[in-house]
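Notes follow the structure.
Derivation of every value follows stated rules applied to the coordinates shown; laboratory data play no part. For clarity, every value in this text was computed on a predicted model and none was experimentally measured. Cβ: placed from backbone, ideal geometry, glycine included. Neighbour counts: every protein chain shown.
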Amino acid sequence: MAEASKSPGPAGSEIPVPSETTVRPDADASALSVAESAPPPAPTLRGVCVAPGLVLGRVHLKDHELSRAALARVPVEGVEAELNRFHQALSGARLQLKELKTRLSGKVSANDARILDTHVAYLKDSVFISDVENLILNEQLALEAAISKVISDFDRIFRLVKSETLRERAVDLRDVAIRVLRQLEHPKDGLVPDPPRDYILAARELSIVDMFNLQGEHVQGILTEEGGLTSHAAIFARTMRIPTMTGVAGLLETVREGDFAIVDATEGSVRINPDERVRQQYQAAVEAQPLVEDESGGPPQWATKPARTKDGQRLSVSAACGNVPEVSQAFGLGFTALGMFRTELLYLVDKEPPSREGLIAHYSAVVSAAAGNKVTFRLLHADSSLGLGYLHETREQNPSLGRAGVRALLARESVLRRQLQAISVAAAGAQVRIAIPFVNDCADLRRVKEILFEERLLLRKGSEPFQERIDVGVVVESPSAFFGAQDLARESDFLMLSLDQTVQYLLAADRDNPSQQAKFESIHPFVLRAVKLLVEACAGESKSLSVFGVSATTAHNLPLLIGVGLREFCVAPAHLREFLETVATIDTRRARKATESVTASACSAEASSFVQGYRHGFANG
């Protein structure tokens, strides 16, 4: 199947997409649904980023609202017992805070840790203690009801005053009250249950109490409906690098205990129970996170080394990413350009096409994460197997050879126009390029350029800021594009080579067929000949050519690709270390000699002997 029939994974691989997808109504109301029993789309909620980062995991709800405490009363003879319970709970809460401060030593700054001293002071506050005691003594309220009433009264007063400091005091008091109430919780069987491990916390308001438990810190991420950016809990979240979002409207109405969530706090989105395609989009980025920083906060030592061959040939290496957190990771590793950003993700998460505002926000987050470096957006590459009803009326018999990439976009210009306009707006003041996928000839390139010009004209008439100059390039993957390489190089600003797709189309080999996998493991000599012609065409027109794909970064193919003249590589952050280590072992002159022998071969069997010779000593000879 073509790349368009796969969801591009952030690690540079392609994620298989199930064939039982639903075709949804077209944006122009011309499409027909071929499946009516599909599950509802996974909801995507938006919020404000408190601490950036990405985390995947199960949701644990901790919605402890003090107002929900029952207004219970005790008999006169029970008052003394309630007072004793109160002072025992105060003592237990103070001890817990002392232990927590010790456990956080070295993990947070001494200044931030003093926040806990503030909570200890509230636990000793005479006004708080006397107010609770008076309600128990005079109104015979149960302890839980008395604490709830006192805190609610404080909260109401503080919130009436337009002072951020007083509002923070209200939040701190609520934290203290919840901590005391937690000391009163006793399971019916007398056993203290183990806390959930490695969970994403979902609560109404950000609370220091809910960020830690007695057995250890297992909060991976935090989502709240309310809460500000300056609260003490927010400071802890940022200090401890816990991805955190506040102001997530509808959070507690949407999520349930145990739901799977993807928290992309960097972009300010949370996806609830997404399908496997979307999960895999983010999983590689999560796994790569430990690689991004060393203990000093900078990139690891191995990532600071230049991409240089054994004999000193310098390569240009840019990042290939599929989501915003992966972009952040890439530049944390020291990448200086985002060579390709796959734009499919937002089109996979909902039944309807993403809104213009949603696309602008997403692309703006990408540009922001790139921190002023060059960004290349590859336009939507989707065939009919993905079930995007606004692109395809029905599933085609052979999706990979049907309406995919630019073919689908030109057939549904409204989708293309929205994407081009969103990129133009998000790119205002930035270095941005657009790559067109699945191009056959110059007609595809010219039409996209025309539409981009028209959309920029509309933006200018609407006085909306946008990027005037955006380079437009083509992704070479179809056989016809190789035959017309010189023409495409002449009319485009740059070219990109999708090596995996090239192998698939030139060798007519289905990437999803296990019996054909061997064709993707090593570059066929005829494929290498085609790549050589492409390199020569780009050199003749003085246009840059970069290559991406799993087969483009594997150790046994790199010498041949460098030998044929490729010098620009798009690499997923997760694959960077292996790539750099492999490049450092390659001698360019010997690689070029091996490549000449391979391209002269008549079949893979003949070429394999040269490849094996290079692997086993020729490179070092």
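What's the exposure ranking of Lys351, Lys124, going from fewest to most Cβ atoms within 10 Å? Present the calculation step by step, with values, prior to reporting the outcome.
Details: Lys351 15, Lys124 10.
Listed from fewest to most nearby Cβ atoms, that is Lys124, Lys351.
List His556, His119, His381 from most exposed to least, where exposure is judged by having the fewest other Cβ atoms within 10 Å.
Details: His556 15, His119 22, His381 30.
If I rank by nearby Cβ atoms, fewest first, I get His556, His119, His381.
Report, in whole Å, the centroid distance computed from the Cα atoms of region 72-90 and region 304-382.
Here the answer is 60 Å between Cα centres.
To the nearest 0.05, what FRET efficiency results for Ser544 and Lys305 with a Förster distance of 22 Å applied to their C-beta separation? All intermediate terms of the calculation are to be shown ahead of the outcome.
Numbers: r = 23 Å, r/R0 = 1.05.
With a Förster radius of 22 Å, E is 0.40.
Over 28 Å between Cα atoms, which of Lys449/Lys543; Lys543/Lys593; Lys62/Lys101; Lys305/Lys449; Lys374/Lys543; Lys374/Lys519 qualify?
Working: Lys449/Lys543 18 Å; Lys543/Lys593 25 Å; Lys62/Lys101 22 Å; Lys305/Lys449 38 Å; Lys374/Lys543 16 Å; Lys374/Lys519 34 Å.
Table pairs above 28 Å Cα-Cα are Lys305/Lys449; Lys374/Lys519.
Using only the Cα atoms of region 522-594, build the gyration tensor, take square roots of its eigenvalues as a ≥ b ≥ c, and label the shape rounded, prolate or oblate: rounded if a/c is under 1.5, else prolate if a/b is larger than b/c, else oblate.
On the way: a/c = 1.66, a/b = 1.35, b/c = 1.23.
It is prolate, given that a/c is not under 1.5 and a/b is the larger ratio.
For Phe526, what charge total do you get from the other residues with a beta carbon under 13 Å from its beta carbon, if Lys and Arg give +1 and Asp and Glu give -1? Don't jump to the answer; show the numbers that get you there.
On the way: positive: Lys519, Arg529, Lys532; negative: Glu606.
Once all neighbours under 13 Å are counted, the net charge is +2.
Given points 7 Å out from each Cα along the Cα-Cβ axis, report the Glu468 to Cys603 separation in nanometres with one decimal.
It works out to 5.9 nm between the two label points.
In what sequence, highest mean first, do 391-398, 475-482 appear when ranked by Cβ atoms within 10 angstrom?
Working: 391-398: 17.0, 475-482: 22.6.
Put in order of decreasing packing, that is 475-482, 391-398.
Roughly how many nanometres apart are two label points built 7 Å out from the Cα toward the Cβ at Asp487 and Ser355?
Result for the modelled spin labels: 4.2 nm.
Take Cys603, Cys321 and order them by how many other Cβ atoms sit within 10 Å, fewest up front. Could the numbers behind the result be given before it?
On the way: Cys603 10, Cys321 32.
Final ranking by Cβ density, sparse to dense: Cys603, Cys321.
Distance in nm between label sites at Ile129 and Thr336, each 7 Å beyond Cα in the beta-carbon direction?
6.3
At q = 0.13, 0.20, 0.21 Å⁻¹, what log₁₀ I(q)/I(0) does region 435-541 have when each alpha carbon counts as one equal point scatterer in the Debye sum?
Evaluating at q = 0.13, 0.20, 0.21 Å⁻¹ gives log10 I(q)/I(0) of -0.56, -0.97, -1.03.
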